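What follows is calculated from the coordinates using simple rules that are stated; it is not laboratory data. Being a predicted model, the structure only gives us computed values, none of them experimental. Glycine also receives a Cβ, built like all others from the backbone with ideal geometry; neighbour counts cover every protein chain displayed.
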Amino acid sequence: MKTLILYSSTDGHTIKICQFLQKVIEQQGDLTTLISVEHESNINLKNFDSVVIGASIRYGKHSPLIVDFINNNTTVLDTLPNAFFSVNLVARKPEKRTPETNPYLKILLKQISWKPMEIAVFAGKLDYPRYKFRDRLMIRMIMWMTGGPTERNAVVEFTDWKQVEGFGRVIGQMTHSPYNSDMNV
Ligand SMILES: Cc1cc2nc3c(=O)[nH]c(=O)nc-3n(C[C@H](O)[C@H](O)[C@H](O)COP(=O)(O)O)c2cc1C
């Protein structure tokens, strides 16, 4: 079984999550291919048995490249076991970490006609030293307004890796479910 993990990441944290998912999925006996939508968006999904798409949030939005990819490939996505995850800092609050409660997921699901079979929202990483001056200022202000860390050198990984592991296991099971063989006949 071959699983595509397609992602969009600006500062690398979504890549780290994808690499973790890759390990969990491969432990279940599947092959995985990791592709950045920023490098390659012309992908033939028919070469894969399942697809996972993940993207981080930047100033309230998932990458337009990811949204375009989804919109251009909805028909094929619907024929494969599939999953989507979003990475953002609002999700550091557990009550904002579900598809029903995370504002960015709610917006995305209205923007696209694809209905992912599995959806996860993961808390991202805060990394002030890495940010450009203006971004640091903005994010610190947002953190101040929402009760998050504001120390100028703060680096905090909010991701719940147990949650990521659970998601990876669900993807592995999905790939091996009877649904998959039914869909590929
Ligand atoms: C410039 C910038 C803007 C961001 N905007 C938001 C935002 O609007 N909402 C949010 O919850 N997180 C926001 N984040 C946090 C990122 O989603 C989080 O750091 C994530 O882990 C980044 O993943 P990446 O490294 O894969 O891009 C922002 C981060 C940066 C650097």
Q) Using helices alone, what [θ] at 222 nm do you get for the chain, with -39,500 (n - 2.57) per DSSP H run of 4 or more residues, divided over all residues and rounded to the nearest 500? A) -12500 deg cm²/dmol
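Considering only lysines 8 or more places apart in sequence, or on different chains, count the pairs in segment 91-134 whose C-alpha atoms sit under 22 Å apart.
Numbers: 93/106; 93/125; 96/106; 96/110; 96/115; 96/125; 106/115; 106/125.
Close lysine pairs under the 22 Å cut-off: 8.
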Q. Using a simple spin-label model with points 7 Å from Cα along the Cα→Cβ vector, what separation in nm is obtained for residue 100 and residue 133?
A. 4.6
Q: Report the dimensions of segment 4-53 along its three principal axes from the alpha-carbon atoms, largest first, rounded to Å.
A: 29, 24, 11
Q: Mind checking segment 68-129 for GluC sites (Glu not before Pro) that DSSP puts in a loop (not H, G, I, E or B) and that have at most 16 other Cβ atoms within 10 Å?
A: 100
Q.
Averaging over every viewing direction, what projected area does the convex hull of the Cα atoms of segment 1-115 cover, in nm²?
A. 6.9
Q: About the Cα centre of the chain, how large is the charge dipole given +1 on each Lys and Arg Cβ and -1 on each Asp and Glu Cβ? Please answer in debye to the nearest 20.
A: 780
Q: Work out the FRET efficiency for residue 47 and residue 74 from their Cβ-Cβ distance, taking R0 = 25 Å, and round it to the nearest 0.05.
A: 0.90
Q.
Using DSSP to call loops (not H, G, I, E or B), can you name the GluC sites (Glu not before Pro) in segment 1-90 whose Cβ has at most 14 other Cβ atoms within 10 angstrom?
A. 38, 40
